[in-house]
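A.B. asks: Below are the structure tokens for one structure; questions will follow.
The values are calculated or read from the model by the stated rules, or taken from the named source; none is laboratory data. Computed from a predicted model, the values in this text were never measured in an experiment. Cβ coordinates were reconstructed from backbone atoms using ideal geometry, including for glycine residues, and neighbour counts include every protein chain displayed. Ligands, DNA and RNA are stripped out before the accessible areas are found, and what is left, the full protein with its side chains, is counted by its heavy atoms. Shrake-Rupley method; radii C 1.70, N 1.55, O 1.52, S 1.80 Å.
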Amino acid sequence: MAIAKVNGVEVEFEPGMTVLQVAELAGEEIPRFCYHERLSIAGNCRMCLVEVKPGPPKPQASCALPAAEGQEIFTKTPMVKKAREGVMEFLLINHPLDCPICDQGGECDLQDQAMGYGRDDSRYEENKRAVEEKAMGPLIKTVMTRCIQCTRCVRFITEVAGSPEIGLISRGEDVEITTYLGAAVTSELSANVIDLCPVGALTSKPYAFEARPWELKKTESIDVMDALGSAIRVDARGSAVLRVLPRVNEDVNEEWISDKTRYAVDGLQRQRLDRPYVRVGGRLAPATWAEAFAAVAARIKAAKPERIGVIAGDLQDAESLKATKDLFTALGVKNLDARQDGTVLGAGPRESWLFNSTIAGIENADVVLLVGTNPRLEAPVLNTRLRKQWLAGKVRIGVIGEQGDLTYDYDYLGAGSKTLSGLVKSKSDFVTALKNAQRPAIIVGQGALTRADGAAVLKAAAAVAKTFNVVREGWNGWNVLHTAAARVAGLDLGFTPGEGGLTAGEMLKPGALDVLFLLGADECETAASDAFKIYLGTHGDAGAHKADVILPGAAYTEKNGLYVNTEGRVQMGERAVFPKGEAKEDWSILRALSEILGHKLPYDSLDQLRAKLFAEHPTFGQIDFAPGSVPTVFDLSGLGAAGELADTPFESTVKAFHLTNPIARASVTMAECAAVVSGAAKIAAE
């Protein structure tokens, strides 16, 4: 490895690194505004100036200067100090210096670096320029007079999000950041530019003037808006969650999160179930916990086990699934299903329903086939990884299903199951590439597996994977992309119908059951069912509307819980605030109910429940371990079932990205975003 000196200290570095990176290897802090590790180098701000020998006797921008063998880098000389002070003085000549009313205050790179590297005065006496605000939609608040043209937002939206809706216009003193034709930014990842903006030109519109960072209690947790399990930080004040920010997790979300993850949190305050309800005379009336439990117990005790069914929803933690399964299994109930969308997964080895390449590992694939999935809507952060590899020219992507803008080019092979079953005999260029690939991958989405012929589609997809040797020694390219945060945990727990049990779809038919227990299940149509419905959940959504008894539970920010993402990684969510009103944590409601039903669950605390969970299902004890990181070869031939394939196109199960769950549907911000995307509303500048 090459060696350079940083302030007299020798540092080894890899070829291709910049002077800035080498200096940071040596532990030196280099100020910067435009440079970002995940974006292309722009060299705009000049804040990262250092002195380099051999070289011209002037400071140089370290972010854009390649490091070389034998270089001497100086970061603290008088020349460097004077240069940085001068750059900071120039950066501030047009800045409004309105820190007391700026939402970036307390988290502002410009503030911090002005204190650390700037002058204590300015020699600039001319009038400051003013820039009109821009209409960037319901999420991004603009004060463009603060902008220093670092272009981080432009580079992110173009390079990472793949939706080039922000750009730079004019030249010199008139240069401005704006959206094209003044339109709102519609990317599913647009609000990441708020985190990237170092000066407060782009701030959070829903969070504007809500709080200062030092007022907030910060809790590290896990996102449940999709099945990736992105690392997030929940910021709360009192009983209210005010915002969600991304945490860095290189294995899952890097440092990006979707707009839904970030902004659906206002839905945690609205349409909440904060006390039990019992339907009396056709209307839901408030009740005490004792009255609600009595109504539930009377119905369950009067029903035969085969006439009782349980459907689990998409946002549940593993502990609530475990407690529900334990209780109703003790009652003799076999009608259990955590697959409210009707997906056919759940039989066979665990690898059959996991994203085995792992989220980070999909970057190693050289050919990827997407079957019945739109990752841009179903998992936007995963889509950025596919785009990253496509931009680098390292992957070829094929699609069977919907034709849409995935932010990268792909080979469109066909619309549905007939294309999939005929893929083996195809002589297209893509099929040839798939056959010759060193690390081929197939990503099967729920749009292919939730159909009436889902089992046959799964068998056909497995046959294709086997033919093209997708699962081989040292590489497992069989991937299932889930859309529900609770789905993998449910499948791992065996929360599926027992022998002779009914599936979710069968439970909802008229006359199928006498009692239907809905554990946060809001995405299935219950109107046809004439069963007595018990809903344990958080919001007055579809599940609660038809319920006869409502038991108010805790949202994901209000409880400690384990979640298993689409790659099988077990992650721990932490409680940021307490449940609303009389609501309780889901597992504790089930524990109390079990005692009234005469089948007391054998745990009195969350720790005891987890101990039982880990003992019976050891995979849940492997916190933050992705099983696909150690590739496992398994037999694909047993997946799915023989059957006739319908000649209908695959369609993504996510139709409205911003409205996929009860929390998002209760969110005013998400409703505004959905309206903008659908073209139903135009967002004007403030």
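A.B. asks: When residues of the range 267-302 are filtered for being open to solvent by 30 Å² or more (accessible area, probe 1.4 Å) and aromatic (Phe, Trp, Tyr), how many remain?
C.D. replies: Total satisfying the criteria: 2.
A.B. asks: Where residues in the range 342-357 are within 13 Å of Val633 (Cβ to Cβ) and assigned to a loop (DSSP other than H, G, I, E, B), which of them is most open to solvent (accessible area, probe 1.4 Å)?
C.D. replies: Pro349
Let's see how each residue does on (1) exposed (fewer than 13 other Cβ atoms within 10 Å of the Cβ); (2) more than 20 Å from Arg575 (Cα to Cα):
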{"residue": "Lys600", "(1), (2)": "no, yes"}
{"residue": "Leu606", "(1), (2)": "no, no"}
{"residue": "Phe614", "(1), (2)": "no, yes"}
{"residue": "Val630", "(1), (2)": "yes, yes"}
{"residue": "Phe634", "(1), (2)": "no, yes"}
{"residue": "Glu644", "(1), (2)": "yes, yes"}
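A.B. asks: While we're on this one: Specify which of the listed residues (Gly401, Gly414) is open to solvent by less than 20 Å² (accessible area, probe 1.4 Å) and under 30 Å from Asp337 (Cβ atoms).
C.D. replies: Gly401
A.B. asks: Looking at Cys45 and the list (1) open to solvent by less than 30 Å² (accessible area, probe 1.4 Å); (2) in a strand (DSSP E or B), which single condition is not satisfied?
C.D. replies: Going through (1) open to solvent by less than 30 Å² (accessible area, probe 1.4 Å); (2) in a strand (DSSP E or B) one by one, Cys45 breaks only (2).
A.B. asks: Right, next: Tell me, yes or no, whether the range 188-209 has at least one residue that is open to solvent by 10 Å² or more (accessible area, probe 1.4 Å), of a type in the set (Gly, Ala, Ser), in contact (Cβ under 8 Å) with a residue 12 or more places away in the chain and on the phi < 0 side of the Ramachandran plot.
C.D. replies: Scanning the range 188-209 turns up at least one residue that is open to solvent by 10 Å² or more (accessible area, probe 1.4 Å), of a type in the set (Gly, Ala, Ser), in contact (Cβ under 8 Å) with a residue 12 or more places away in the chain and on the phi < 0 side of the Ramachandran plot.
A.B. asks: Go through (1) surrounded by fewer than 16 Cβ atoms within 10 Å (Cβ to Cβ); (2) closer than 27 Å to Lys388 by Cβ and name the single condition Ala264 misses.
C.D. replies: In the conditions (1) surrounded by fewer than 16 Cβ atoms within 10 Å (Cβ to Cβ); (2) closer than 27 Å to Lys388 by Cβ, Ala264 misses (1) alone.
A.B. asks: Hey, any hits in the range 441-456 for a residue that's open to solvent by 10 Å² or more (accessible area, probe 1.4 Å) and in contact with a strand residue (DSSP E or B) (Cβ under 9 Å, 6 or more places away or on another chain)?
C.D. replies: There is no residue in the range 441-456 that is open to solvent by 10 Å² or more (accessible area, probe 1.4 Å) and in contact with a strand residue (DSSP E or B) (Cβ under 9 Å, 6 or more places away or on another chain).
A.B. asks: Ok, one more. Would you point out the residue of the range 19-42, among those that are within 27 Å of the chain's Cα centre (by Cα) and more than 18 Å from Asp112 (Cα to Cα), that is surrounded by the most Cβ atoms within 10 Å (Cβ to Cβ)?
C.D. replies: Leu39
A.B. asks: Of all the residues that make up the range 407-441, how many are without any contact (Cβ under 8 Å) to a residue 60 or more places away in the chain, in a helix (DSSP H, G or I) and among the basic types (Lys, Arg)?
C.D. replies: 2
A.B. asks: Still on this structure: Among the residues of the range 269-326, which ones are under 25 Å from the mean Cα position of the chain (by Cα) and either among the β-branched types (Val, Ile, Thr) or in a helix (DSSP H, G or I) (or both)?
C.D. replies: Ile311, Ala318, Glu319, Ser320, Leu321, Lys322
A.B. asks: Determine whether Val143 is under 27 Å from the mean Cα position of the chain (by Cα) and either over 24 Å from Leu216 (Cβ atoms) or open to solvent by less than 30 Å² (accessible area, probe 1.4 Å) (or both).
C.D. replies: Criteria not met by Val143.
A.B. asks: Additional query: Going by what's in this entry, would Lys76 be described as without any contact (Cβ under 8 Å) to a residue 60 or more places away in the chain, loosely packed, with under 14 Cβ neighbours inside 10 Å and farther than 27 Å from Leu391 by Cα? Quick ask: steps written out before the conclusion?
C.D. replies: Details: without any contact (Cβ under 8 Å) to a residue 60 or more places away in the chain: no; loosely packed, with under 14 Cβ neighbours inside 10 Å: yes; farther than 27 Å from Leu391 by Cα: yes.
The answer is no for Lys76.
A.B. asks: I've got another one for you. Sort out which residues of the range 220-240 are more than 22 Å from Arg487 (Cβ to Cβ) and either open to solvent by less than 10 Å² (accessible area, probe 1.4 Å) or in contact with a Pro (Cβ under 9 Å, 6 or more places away or on another chain) (or both), and write them in order of number.
C.D. replies: Arg233, Val234, Asp235, Ala236, listed by residue number.
A.B. asks: Within the range 581-629, how many residues are among the acidic types (Asp, Glu), assigned to a helix (DSSP H, G or I) and more than 17 Å from Val549 (Cα to Cα)?
C.D. replies: Narrowing the range 581-629 to residues among the acidic types (Asp, Glu): 582, 585-586, 595, 604, 607, 616, 624.
Applying the additional criterion that residues be assigned to a helix (DSSP H, G or I) yields 586, 595, 607, 616.
If we keep only those that are more than 17 Å from Val549 (Cα to Cα) as well, we get 595, 607, 616.
The total comes to 3.
A.B. asks: In the range 387-398, is there at least one residue being within 24 Å of Thr158 (Cβ to Cβ), part of a helix (DSSP H, G or I), of a type outside the set (A, V, I, L, M) and without any contact (Cβ under 8 Å) to a residue 60 or more places away in the chain?
C.D. replies: yes
A.B. asks: Only one of (1) surrounded by 21 or more Cβ atoms within 10 Å (Cβ to Cβ); (2) over 22 Å from the mean Cα position of the chain (by Cα); (3) closer than 28 Å to Ala236 by Cα; (4) among the hydrophobic types (A, V, I, L, M, F, W, C) fails for Ile177. Which number is that?
C.D. replies: Going through (1) surrounded by 21 or more Cβ atoms within 10 Å (Cβ to Cβ); (2) over 22 Å from the mean Cα position of the chain (by Cα); (3) closer than 28 Å to Ala236 by Cα; (4) among the hydrophobic types (A, V, I, L, M, F, W, C) one by one, Ile177 breaks only (3).
A.B. asks: Then there is this: Would you mind stating whether His545 is of a type outside the set (D, E, K, R) and free of Cβ contacts under 8 Å to residues at least 12 places away in the same chain?
C.D. replies: yes
A.B. asks: Here's a follow-up. Any residue in the range 375-397 that is open to solvent by 10 Å² or more (accessible area, probe 1.4 Å), closer than 15 Å to Val444 by Cβ and under 21 Å from the mean Cα position of the chain (by Cα)?
C.D. replies: For the range 375-397, residues open to solvent by 10 Å² or more (accessible area, probe 1.4 Å), closer than 15 Å to Val444 by Cβ and under 21 Å from the mean Cα position of the chain (by Cα): absent.
A.B. asks: Any chance the range 48-67 includes a residue that's among the β-branched types (Val, Ile, Thr) and open to solvent by 10 Å² or more (accessible area, probe 1.4 Å)?
C.D. replies: No, there is no match, as no residue in the range 48-67 is among the β-branched types (Val, Ile, Thr) and open to solvent by 10 Å² or more (accessible area, probe 1.4 Å).
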